């Protein structure tokens, strides 16, 4: 009989063809021009989930792209349930000239699959579908019940799923949630992320004159809004790289020495740092290691700036306005609303009387997440990696944010396992995004193993509990 | 029929002709408008021929052609006037904030609204229609040479070469330019100085590509932030440019000149019309009019970095591009100032990012003596058409070629401007006053007579 793993290996080429078909759909949720494509992606996914043996449908959510829900609930009485989360939307890819192959025409080169969404998150969460398909094809059953919830607004704030989980979460009830949307640096050292930074984003708009002015006729008498915005941004950090907003660090927990030790076991030296980023030398809070700066310290980051003329040639103007998109990464115990409030107050304070400043909230807002490492599900995940991936995973506190993770953890009251199969060099959110094909394959193996091992751990828990009960009865 | 009568009779036609020319979107900065540039030049060439100019030609350059034509029948003793203007315009898109298509002229009361209405097609038409009227009257008192270029808005990269190669052909006693504004519709003003200009591009780079701001934020010096920090160091809290040596060559103003300039200072109501309740900015030791006309500046004209479109992208940008320009006054040298800017930027750039500062164009400042007969004729020509004598002013803008004309052709440049301060040149909804169009033509006709008279008296 063919095992699930053998089946997955035999069918790899077809799995990749299917993933490529999925990647061809430009489901960019941040740009309304792609609305039809995002919806087409959702329908493709429903059809595909049906084809592998699940019951699937779209769930409409107000003012957002539909959620894709699927389930297979025939594992029998007492069986555990695993909830898989993923997202079918992708980041924009407007800078096509920087892509070697077009972002929505997947191409395989050097063992990698290049396309927007290859690693974030289509390629990664497709491993869940293919693991389930492989088990069903070889065993004609699954060791656990499975549910899929796959959203289409992850890159644009996850508003729909956040609300859905909060209000109608009972349909998603499960024993554990698995998310594959994170990465590792080395294939020999896969990573389970047990902490995520939160994020909150807003736009700062600095206005001066009612319209663009001729810089010759007015230059020297008007506070140039781009200059004023630059002066404001320059005041948001101290010379030591820390954020200058008063009270910004008030709620940040002090790191315990054993925590620092665990974090810094996962070394990030200046050489591999420089290779990965291409930047000259590191920057940031001097008293914290690179890993700590992204894992356990909050930040304030300028994500985009625009003002005046940026086309070909020059235009001699004093721009009427200048804007900056700014986001703060947050760590455990920081409250997103409180942080925006503090930034807002500080901006008002440092804005000179010669311009006016407005702060516009963006729909990106989530607190940080921290997950215990001793629980059953986490132990099952460790063994799944050892068997399915071939290496023992390490834990990492990640700098990025997946708003839905904290939401699921909080509302469904279940642990969320971040079993990421991407590489940190996959260029996510950037040109030439890709996913390693062997990671795709090993990811499928790892999920197959996880479902089996987790099922066993739940059974033994159940049996043990039954036995204990009998013993108690005997007494 | 006198030239003045001719101009009055034909005013309606003149406006129609100007509208035709404004419909051609001759944007020199944008390659997509290459064909329109050709159409605008051809239109002008045909118009010059129609009104009786001779030797009309399109002088080819490495960029867009210069349109030339002359009328040399006033005699050898009569002064020769070289009229300079430009047929190219600033970029304009409906999305910049225009109320309607910038290249479909509209008339709203006294205002003609279109890109190029004031800068500079409307003002070139004042010169051209004055010439037409003088020729039609049979009494043109000066010899005329028109030199209208197509690359003023991109820094006139090829004009100096053409002028240098044709010094004989362009030789004249006075160069007349209408590309400036007067104080108000009731108060003419004469700009006797122009600022020079350096335009630059500052590129700040950090990581090799855009990075995820979650995965990397906090340990990479964000190039947008670094660019902001660099920009923030270019001025002190008094609005003074901090670049060492920036003000070294600036000519000090004497009390007489300060008094003269003070007559034309920006009033509080004029300021409020543009800026609302926001207070002004800049060197507190100087009046607004002095900051604009007699002091150099450093200005940020644009910035772009990361994702600034709809929604949000969690990106740590790989680079930031900043467009910077300096307005210069006599006797600052653009190349020397650029070196000072570049050295200072290098100096204040932290080790965490890489910067590149590129100069895009250089223009020298210019100053014309107030007591020259050509300037005196201008003062009298304005006085003949307005109740108030003209204010004597320094212009804050730049016409880089003015200094080149002075240097290469060894002649005084007189700026006979007819724009109004709220004309929104370079901005959305650019306007041109039709009253100014009519009075401008009369003033130019008067100027030609005054100049001829003044020259005869001098002789």
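The values are calculated or read from the model by the stated rules, or taken from the named source; none is laboratory data. Predicted, not measured: the structure shown is a model, and the values here were computed from it. Ideal geometry is used to build each Cβ from the backbone, glycine not excepted, and the neighbour counts take in all protein chains shown.
Go over the candidates A:46, A:68 one by one and state the one that is within 23 Å of residue A:440 (Cβ to Cβ), touching a helix residue (DSSP H, G or I) at 6+ places or on another chain (Cβ under 7 Å) and not in a loop (DSSP other than H, G, I, E, B). So that I can check it myself, show each step before the final result.
Working: A:46 fails: touching a helix residue (DSSP H, G or I) at 6+ places or on another chain (Cβ under 7 Å).
So the residue among A:46, A:68 that is within 23 Å of residue A:440 (Cβ to Cβ), touching a helix residue (DSSP H, G or I) at 6+ places or on another chain (Cβ under 7 Å) and not in a loop (DSSP other than H, G, I, E, B) is A:68.
If I filter the stretch A:300-322 down to residues being surrounded by fewer than 22 Cβ atoms within 10 Å (Cβ to Cβ) and more than 7 Å from chain B (Cβ to nearest Cβ), which single residue comes out as farthest from residue B:305 (Cα to Cα)?
Applying the filter and picking the extreme gives A:320.
Which condition does residue B:365 not pass, out of (1) more than 14 Å from chain A (Cβ to nearest Cβ); (2) under 18 Å from residue A:216 (Cβ atoms); (3) in contact with a helix residue (DSSP H, G or I) (Cβ under 9 Å, 6 or more places away or on another chain), if it passes all the others?
All conditions are met except number (1).
Given the conditions (1) surrounded by 15 or more Cβ atoms within 10 Å (Cβ to Cβ); (2) under 20 Å from residue A:364 (Cα atoms), and given that residue A:333 satisfies all but one, which numbered condition is not satisfied?
(1)
Each row is one residue, and each column tells you yes or no for (1) within 14 Å of chain B (Cβ to nearest Cβ); (2) touching a strand residue (DSSP E or B) at 6+ places or on another chain (Cβ under 6 Å).
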| site | (1), (2) |
| --- | --- |
| A:64 | yes, no |
| A:68 | no, yes |
| A:78 | no, no |
| A:87 | yes, yes |
| A:93 | yes, no |
| A:101 | no, yes |
| A:110 | no, no |
| A:120 | yes, no |
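Looking at A:364, A:404, can you tell me which residue is assigned to a strand (DSSP E or B), buried (at least 22 other Cβ atoms within 10 Å of the Cβ) and within 13 Å of the chain's Cα centre (by Cα)?
A:364
Identify the single condition in (1) touching a helix residue (DSSP H, G or I) at 6+ places or on another chain (Cβ under 9 Å); (2) more than 14 Å from chain A (Cβ to nearest Cβ); (3) more than 28 Å from residue B:104 (Cα to Cα) that residue B:432 does not satisfy, given that it satisfies every other one.
All conditions are met except number (3).
So residue B:300 clears everything in (1) at pLDDT 95 or above; (2) away from chain A (no Cβ under 13 Å); (3) in contact with a helix residue (DSSP H, G or I) (Cβ under 6 Å, 6 or more places away or on another chain) except one condition, right? Which one?
Every listed condition holds for residue B:300 apart from (2).
With B:162, B:135 as the choices, which residue is within 17 Å of residue B:63 (Cβ to Cβ) and away from chain A (no Cβ under 14 Å)? Talk me through it step by step, then tell me what you get.
Values: B:135 fails: within 17 Å of residue B:63 (Cβ to Cβ).
One residue alone meets the criteria, B:162.
I want to confirm something. Restricting to the stretch B:87-101 and keeping residues that are in a loop (DSSP other than H, G, I, E, B) and in contact with a helix residue (DSSP H, G or I) (Cβ under 7 Å, 6 or more places away or on another chain), which single residue is nearest to residue A:215 (Cα to Cα)?
B:90
Got a sec? Which helices (runs of 4 or more DSSP H) wholly within the stretch A:141-242 have at least 1 residues that are at pLDDT 90 or above, within 11 Å of another protein chain (Cβ to nearest Cβ) and touching a helix residue (DSSP H, G or I) at 6+ places or on another chain (Cβ under 8 Å)? Don't jump to the end; show me each part of the working.
Values: elements: A:159-168, A:215-218, A:225-234.
Helices (runs of 4 or more DSSP H) meeting the threshold: A:215-218, A:225-234.
In the stretch A:187-227, which residues are in contact (Cβ under 8 Å) with a residue 60 or more places away in the chain and closer than 13 Å to residue B:278 by Cα?
If the condition is that a residue be in contact (Cβ under 8 Å) with a residue 60 or more places away in the chain and closer than 13 Å to residue B:278 by Cα, then A:206, A:207, A:208, A:209, A:210, A:222, A:223, A:224, A:225 are the ones that fit.
In this structure, is residue B:410 surrounded by fewer than 24 Cβ atoms within 10 Å (Cβ to Cβ), free of Cβ contacts under 8 Å to residues at least 12 places away in the same chain and away from chain A (no Cβ under 11 Å)? Explain how you work it out, then say what you get.
Numbers: surrounded by fewer than 24 Cβ atoms within 10 Å (Cβ to Cβ): yes; free of Cβ contacts under 8 Å to residues at least 12 places away in the same chain: yes; away from chain A (no Cβ under 11 Å): yes.
Spelling it out, residue B:410 is indeed surrounded by fewer than 24 Cβ atoms within 10 Å (Cβ to Cβ), free of Cβ contacts under 8 Å to residues at least 12 places away in the same chain and away from chain A (no Cβ under 11 Å).
Just to be sure I understand the filter: pairs with C-beta atoms under 6 Å, separated by 6 or more residues or on different chains, first member in the stretch A:242-256 and closer than 20 Å to residue B:225 by Cβ, second member loosely packed, with under 15 Cβ neighbours inside 10 Å. Which pairs pass?
A:244/A:238
Of the residues B:276, B:264, which is loosely packed, with under 13 Cβ neighbours inside 10 Å, within 23 Å of residue B:182 (Cα to Cα) and at pLDDT below 90?
Selected residue: B:276, the only one of B:276, B:264 that is loosely packed, with under 13 Cβ neighbours inside 10 Å, within 23 Å of residue B:182 (Cα to Cα) and at pLDDT below 90.
Would you check if residue B:119 is part of a loop (DSSP other than H, G, I, E, B) and within 23 Å of the chain's Cα centre (by Cα)? Quick ask: steps written out before the conclusion?
Numbers: part of a loop (DSSP other than H, G, I, E, B): yes; within 23 Å of the chain's Cα centre (by Cα): yes.
Spelling it out, residue B:119 is indeed part of a loop (DSSP other than H, G, I, E, B) and within 23 Å of the chain's Cα centre (by Cα).
Provide a single number: the residues in the stretch A:323-353 that are within 10 Å of chain B (Cβ to nearest Cβ) and touching a helix residue (DSSP H, G or I) at 6+ places or on another chain (Cβ under 7 Å).
Qualifying residue count, the stretch A:323-353: 5.
Give the stretch A:405-434 a look and list any residue that's within 12 Å of residue A:181 (Cβ to Cβ) and more than 14 Å from chain B (Cβ to nearest Cβ), or say none.
Once the filter is applied, which keeps residues that are within 12 Å of residue A:181 (Cβ to Cβ) and more than 14 Å from chain B (Cβ to nearest Cβ), the stretch A:405-434 yields A:416, A:417, A:419, A:421.
Of the residues B:338, B:312, which is more than 7 Å from chain A (Cβ to nearest Cβ) and either closer than 28 Å to residue B:152 by Cβ or surrounded by fewer than 24 Cβ atoms within 10 Å (Cβ to Cβ) (or both)?
Just a single option satisfies the conditions, and that option is B:338.
Are any residues in the stretch A:368-399 within 14 Å of chain B (Cβ to nearest Cβ) and either touching a strand residue (DSSP E or B) at 6+ places or on another chain (Cβ under 6 Å) or not in a loop (DSSP other than H, G, I, E, B) (or both), and if so, which ones?
A:368, A:369, A:396, A:397, A:398
Does residue B:256 count as within 32 Å of the chain's Cα centre (by Cα) and either crowded, with 22+ Cβ neighbours inside 10 Å or free of Cβ contacts under 8 Å to residues at least 12 places away in the same chain (or both)?
yes
Does residue B:293 fit the bill of being more than 25 Å from the chain's Cα centre (by Cα) and more than 20 Å from residue A:230 (Cβ to Cβ)?
No; evaluated as a whole, the condition is false for this residue.
May I ask you to list the residues in the stretch B:182-225 that are farther than 29 Å from residue B:424 by Cβ, more than 7 Å from chain A (Cβ to nearest Cβ) and surrounded by 24 or more Cβ atoms within 10 Å (Cβ to Cβ)?
B:204, B:223
Return the residue satisfying two criteria in turn: it lies in the stretch B:235-246 and is surrounded by fewer than 16 Cβ atoms within 10 Å (Cβ to Cβ) and closer than 15 Å to residue B:339 by Cα, and of such residues it is nearest to the other protein chains (Cβ to nearest Cβ).
Applying the filter and picking the extreme gives B:242.
Given (1) in contact with a strand residue (DSSP E or B) (Cβ under 7 Å, 6 or more places away or on another chain); (2) at pLDDT 95 or above, identify the lone condition not met by residue A:361.
(2)
Being within 14 Å of chain B (Cβ to nearest Cβ), buried (at least 22 other Cβ atoms within 10 Å of the Cβ) and out of contact with any strand residue (DSSP E or B) (no Cβ under 8 Å at 6 or more places or on another chain) narrows it down to one residue among A:283, A:268, A:273; which is it?
Checking each option against the conditions leaves just A:283.
Filter the stretch B:316-325 down to residues that are at the interface with chain A (Cβ under 7 Å from one of its Cβ atoms) and out of contact with any helix residue (DSSP H, G or I) (no Cβ under 6 Å at 6 or more places or on another chain) and give me whichever is farthest from residue A:224 (Cα to Cα).
The residue in question is B:321.
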